[in-house]
Amino acid sequence: MKKTPLYIILIFLQFETFCQVQISHFNDSLFSTYYHQRVSLFKSLPKTKNDIIFLGNSITDGGEWSEIFQDLHIKNRGISGDNTIGVLNRIGEITDRNPEKVFILIGVNDLKSGLKPDSVVKNIIRICSIIKAKSPKTMLYVQSILPVNEAFGKFGSHTDKKEEILEVNKQLSINSNSIPYTYIDIFTPFCDATGRLNSRFTNDGLHLTGEGYLKWKEQIQSQIYDLPALIPLPQIVNWGVNKFLISNYSNISFADKTLRKEAELIKNLFKDKGSRSTFKFNAPEEAFKIELRKEVISNANNIDEAYSINVSEKNILIKASTAHGFFNSIQTLSQLINNNEIQACEITDWPSFPWRGYMVDVGRSYQSIKQLKQQIDVMAAYKLNIFHCHLTEDVAWRIQSKAYPQLTNEKYMLRDKGKLYTLIEIRELIKYCKDRHITFIPEIDMPGHSDAFKRAMGVEMQSEQGLKICKNILVELCHELDVPYVHIGGDEVKISYKEFLPEIVALLKTNRKKVIAWDPGGNVPEGTFLQMWNGNTVTKEKFPSIDSRHLYLNHFDPIDGVVTTFNHQICDVPVGDANRLGATLCNWPDRKVAKEEDIINMNAVYPVMLAFAERCWQGGGWQNFLSDISVPGNERYNAFVEFENRLLQHKSIYFKTLPFPYIHQSNIEWKLIGPYDNKGKTDMVFAPELPSFYDTLQLKKYPSVYGGTIWFRHFWHPMIQSHLGFEKDNTTFYATRNIWSDEAGSKDFWIGFNNISRSPATDSPPEGAWDNKNSVVWVNGKKVEPPHWKNGGQKGNAEIPLIDEGYEYREPTKIFLQKGWNTILIKAPVGSFIGTDWQNPVKWMFTFIQN
């Protein structure tokens, strides 16, 4: 009979506390006089509804919470000197009140007394399980233990517990995946550069000063009041306590008559959100009005797009200096409204980068005007302002030319034959963008990517006749289309006619157009805007730069695409300037698709677009193209967790009818077991596959990595860093984790070992296997069979659409989970890092995430 692995037994013993709901009572002598005084006071206070309770020790006790939040529903249940046993002893007083929310911060006194981190976490989980059992509707928030600082020379038995505090916080974060509480990291915001409690917030190394309590308020306010999740997050937000009915506001006031259009937008927004008010413009009634005031936002970058919003009971005051600034404010205003209410707040906001773009390649894969407008609408909602349309390719020339109608003749198209955009349709798109303060940029790729031109015109672009035709095409485009920029491509071609690109640039400048080209690319003169597409490229003086390095949706795995984009530091600087304008997110679906919707879903356009919008607007980020989430306690990890929470809220609210292939992943921890030298034999069996291995397994000694998709070595290594940074080929790793299921039954999972890019003609997976590396998945010791691939073993072909090769666009894998804990074991071997050809790069990775 197969033995139960030791580490599973330990987890079950820990989780047993979750299933036991009896309240423990301990001897009174264990607790101080002050403890008994406070408990007797709490019991004597009247029970009220909708209470929010702060539960903890002296750090909680020291906060005047009802005054800090100006809310009498917030109650203090902190007791100086208390620990987890003390909380368990008095938990009945909490559960009897059936509070709306409980915020727990406890554990540092336990560590001071010598209790191990595992036991502290076990007791906190027991506290949570009792509250949920006795008061099921109560929402639970477990806050991390705060950092400490020994430099003050006080509370030495507390301040020497830095490592133990980190371990407790790590476990609390991980357990939030299966225990019914929300974990809040308040450790990181209170740290200084050394990981100690910042001296700004303490005067003894353990407790908080007034500034510390205000910092604490700032960190948890959104959970206290279920504040709107804003994307992109504004630069400055101060939340109020109250929410107001949007139907209260019935007058829109604007002294400047040029703001009539913006007033109409707000009127329509409020009606769409459910307001039944009969709006009046500039009515004499001053109460309950929305006021638009034209005013420069001081101390803001990119003033033309800056705005401010102040929401109070009787007035919503919106300030901006331009129509674009007001438009941005309206997008934020829309997110502030939920269930016919608007949240009180003061917002001052501006973008860190003026160029925030999105590119579609419609030369290779045509998209309908309807689908393009859908993407433009999402762009506008998240304050992107550049729509780059790649209109010509080797495959087809998609934009009408009156002078050369043969360019769009279907006999010269290799895919989506006859599909083109008339000049009327392009003008329609330009107007659609302008109405949303988005700049439309057409790209006519030259002299490379021009086989369609050659087929239609019978000449090479890089010839005297070809150059003449290209000039005529561009003059016609400048005459027909009202656009400030023209993108000329210029990449991936050997320049044999050295004057070609300089003459093209000079022509466009004569026609008062700014010119953009790809970098690396051809020889373009100074002043040309360069769009960086290769990871080794850096910004150049006298060439304004746009960043598209590792911002290609068609190469992203959907789960790690959000992470990689969120990590990205635009143009290698935290804030833009005159030479580092911003970035463009690109969608290059080189491979043919079965239906146009696949261009959105297979490339995870919307979840990545929101991460991109956040980074371009907020600025910041991390250099060197990081594909991992990092680990709990790290600034990068905690920043991602906070963003991911907002992202998932947007998915549930705004993308109910649109494809949004993304799932919560930041709390998924994997233990990696290995490496094992497989000597090039990827089917070689190693110890983790043997039942006896787990009897002595000590998981703590193995490294932890986090996320739904794990890269052992990125296929663009070393340019993109992976979770592990392991560089030796012919290696096998194993990954293991445990999943809790409340009930037995079949569950949906996304599983993959080679997320095929939508650009190269990559081979389909072999029949009867997950991939060609002999990767395996076991759940509770039972092997999970791979899908029956519809194109199993198919040799890669750019004209054969992907159907089920990617987990995000095939039916999820069904796996039976037993009630309680379930063990996941993944085998991820690799042979050589050199692929069979450039179309089949080696991707040493895996994705396993519950759908």
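The values are calculated or read from the model by the stated rules, or taken from the named source; none is laboratory data. In this text the structure is predicted, and so the values were computed from the model without any measurement. FYI the Cβ positions are ideal-geometry reconstructions off the backbone, even for glycines, and counts take in every protein chain you see.
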Determine if segment 214-227 includes at least one residue that is out of contact with any helix residue (DSSP H, G or I) (no Cβ under 6 Å at 6 or more places or on another chain), surrounded by fewer than 19 Cβ atoms within 10 Å (Cβ to Cβ) and assigned to a loop (DSSP other than H, G, I, E, B).
yes
Can you pull out the residues in segment 354-378 that are in contact with a Leu (Cβ under 7 Å, 6 or more places away or on another chain) and closer than 16 Å to LEU610 by Cβ?
ARG356, GLY357, TYR358
Look through ASN567, ASN587, ASN601 and report the one residue that is of a type outside the set (D, E, K, R), within 22 Å of GLN649 (Cβ to Cβ), at pLDDT 95 or above and out of contact with any Pro (no Cβ under 8 Å at 6 or more places or on another chain).
ASN567
Which members of segment 245-265 meet the condition of being part of a strand (DSSP E or B) and closer than 16 Å to GLU291 by Cα?
ASN251, ILE252, SER253, PHE254
So, in segment 305-340, of the ones that are surrounded by fewer than 18 Cβ atoms within 10 Å (Cβ to Cβ) and charged (D, E, K, R), which residue ends up nearest to the chain's Cα centre (by Cα)?
GLU313
Return the total of residues in segment 733-760 being surrounded by fewer than 18 Cβ atoms within 10 Å (Cβ to Cβ) and either more than 29 Å from the chain's Cα centre (by Cα) or among the hydrophobic types (A, V, I, L, M, F, W, C) (or both).
4
For the structure I just gave you, tell me whether ASN645 is outside any loop (DSSP other than H, G, I, E, B), touching a helix residue (DSSP H, G or I) at 6+ places or on another chain (Cβ under 6 Å) and either at pLDDT below 95 or of a type in the set (Phe, Trp, Tyr) (or both).
no
Subset of segment 1-55 [aromatic (Phe, Trp, Tyr) and modelled with pLDDT of 90 or more]
PHE31, TYR34, TYR35, PHE42, PHE54
Restricting the first residue to segment 527-546 and requiring it to be in contact (Cβ under 8 Å) with a residue 12 or more places away in the chain, which pairs with a second residue that is acidic (Asp, Glu) meet a Cβ separation below 6 Å and a spacing of at least six or different chains?
LEU530/ASP519; MET532/ASP519; MET532/ASP547; THR537/ASP519; LYS542/GLU526
Suppose the filter is more than 21 Å from the chain's Cα centre (by Cα) and in contact (Cβ under 8 Å) with a residue 24 or more places away in the chain; does PHE201 pass it?
no
Residues that are among the hydroxyl-bearing types (Ser, Thr, Tyr) and modelled with pLDDT under 95: which strands (runs of 3 or more DSSP E) entirely in segment 741-851 hold 1 or more of them?
820-830
Take the residues in segment 68-98 that are farther than 24 Å from LEU115 by Cα and touching a Lys or Arg at 6+ places or on another chain (Cβ under 8 Å), then tell me which one is surrounded by the most Cβ atoms within 10 Å (Cβ to Cβ).
ILE94
Can you find even one residue in segment 500-508 that is free of Cβ contacts under 8 Å to residues at least 24 places away in the same chain, within 22 Å of PRO544 (Cα to Cα) and of a type in the set (Val, Ile, Thr)?
yes
Hits in segment 352-376 (condition: assigned to a loop (DSSP other than H, G, I, E, B), crowded, with 21+ Cβ neighbours inside 10 Å and either among the basic types (Lys, Arg) or touching a Gly at 6+ places or on another chain (Cβ under 8 Å) (or both)):
SER352, PHE353, ARG364
Give me the residue from segment 625-651 that is farther than 16 Å from ILE559 by Cα and among the aliphatic types (A, V, I, L, M) and, out of that set, surrounded by the fewest Cβ atoms within 10 Å (Cβ to Cβ).
VAL631
